[in-house]
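Notes to accompany the following structure.
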Amino acid sequence: ANFTGTEFGARVGYSFLGFALGAEYAGGSFTDDSSPKNTLTSGDTGVFVAYKFPVLFRLYATYVPSSEIKDKSGGSTSTLTSGTATKIGFGYTGFPIININLEYLSSSYDKVKSSGVSSTLSPKATTSGYALSISAPFNLL
């Protein structure tokens, strides 16, 4: 299935000589093109590392050690749990105030919880995708 939706996020960290390290939160809501429609919601916290080149570009990666996705479909709700996620991104920093980013996201989940019952998935449930995003970074000091 193809999913579309909106994701929002925030980062806080420390940077020095182009390198950055810190914490990231990302959450979103996505709907697929199947019938009946599935609605997924997520909210993940992870750690990121980044490097901003002296001219126009930056690279970054995020690792989420504990990821969850809630799936609402046809009146029932299930939650994929015990997951991990990674994000690798490339940003263009040549505009004032905003950056344009291309990201690759990948995650896998070991368990599903539905109607209060948790089950182990075999094989794991996996997701992956690309995102084109806009960010507005600023430095406090």
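Kindly list the number of the only condition in (1) in contact (Cβ under 8 Å) with a residue 24 or more places away in the chain; (2) more than 11 Å from the chain's Cα centre (by Cα) that fails for Ser66.
Status for Ser66: all satisfied but (1).
Just give me the residues in the range 130-141 being at pLDDT 90 or above and open to solvent by less than 100 Å² (accessible area, probe 1.4 Å), in sequence order.
Selection gives Ala131, Ser133, Ser135, Ala136.
Does Phe48 count as surrounded by 13 or more Cβ atoms within 10 Å (Cβ to Cβ), within 17 Å of Ser135 (Cβ to Cβ) and of a type outside the set (Asp, Glu)?
Here the answer is yes, as Phe48 does meet what is asked.
Condition first: in a strand (DSSP E or B), open to solvent by 40 Å² or more (accessible area, probe 1.4 Å) and either farther than 25 Å from Tyr92 by Cα or free of Cβ contacts under 8 Å to residues at least 24 places away in the same chain (or both). Now tell me which residues in the range 22-42 satisfy that.
Tyr25, Ser29, Phe30, Thr31, Thr39, Thr41, listed by residue number.
Based on this model, can you work out whether Glu68 counts as open to solvent by less than 90 Å² (accessible area, probe 1.4 Å), at pLDDT 95 or above and either touching a Lys or Arg at 6+ places or on another chain (Cβ under 6 Å) or under 30 Å from Ser122 (Cα atoms) (or both)?
It is false that Glu68 is open to solvent by less than 90 Å² (accessible area, probe 1.4 Å), at pLDDT 95 or above and either touching a Lys or Arg at 6+ places or on another chain (Cβ under 6 Å) or under 30 Å from Ser122 (Cα atoms) (or both).
The values are calculated or read from the model by the stated rules, or taken from the named source; none is laboratory data. Computed from a predicted structure; not experimentally measured. Neighbour counts run over all protein chains shown; Cβ positions are idealised from the backbone, glycine included. Each accessible area value is taken on the protein alone, full model and side chains, heavy atoms only, with ligands, DNA and RNA left out. Shrake-Rupley method; radii C 1.70, N 1.55, O 1.52, S 1.80 Å.
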